[in-house]
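K.L.:
Okay, handing you the structure first.
What follows is calculated from the coordinates using simple rules that are stated; it is not laboratory data. The structure presented is a predicted model; accordingly, all values stated were derived computationally and were not measured.
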């Protein structure tokens, strides 16, 4: 799925927040003792049709932690009950900056009621509201500067603010990598980083290098995979693949993560060419198989 489509979804879903058997699912040991989580954007279509049933299917695969991308017009109490019934825990939720910034107080209240400790800015914003097109380094740095203030407010309420990358963070301007500029602008006491390894690779970056460079600043990982492009020179996002069946070898990434500050790992798959729950089971088994 193209990033702007996901951006629109997260922004809409972020605004929307304001308004099977599980036997044996822990048989595999998760990498370095941490449970494998799922970013629920992966099952956005299924959640829209059957929220409670889809969460139970996710839990039956073995996922313990989940990260939301919208709450489908449910109250925090309703979400909390649905998560409990599915035996999963919502440990974070994504919001585009344009949904997060004007609704911080309501988001804080929702998260505290839900018991969800992490608020993640999933998309940056342009400094000038009327601006269009790709983000510049100035846009990305400005977003982080604004997030410092939001992070302070969240910290006072016992919540953690994170920032999730896509590909614009890996452009260079005048020799400066945007991701480095954002790290420099972010107060490490207020903002942690969620590194989406798939988008880092698509953007031309190296997740291993970043984990080594910022071992205490990155605490969350998204893991996804892509098939090779039919035409490597073509623009656009490569087609999604199940983990271990695409182009990304996560063994060195997980090895680097073991020496860093990773608290949660979230599988995210943005499209499927097999039944979604079957694909998410492939993903789950792949991550659990990389015990290190």
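K.L.:
Using bins 10 angstrom wide from zero, how does P(r) for the stretch 76-202 break down, in % of all Cα pairs?
P.N.:
13, 42, 31, 13, 2, 0
K.L.:
Can you give the helix-only mean residue ellipticity at 222 nm for the chain, where every DSSP H stretch with n ≥ 4 adds -39500 (n - 2.57) and the sum goes over all residues, rounded to the nearest 500 deg cm²/dmol?
P.N.:
Calculated mean residue ellipticity at 222 nm is -12000 deg cm²/dmol.
K.L.:
Quick check: convex hull of the Cα atoms in the chain, volume per residue, rounded to a whole Å³?
P.N.:
It is 124 Å³ per residue.
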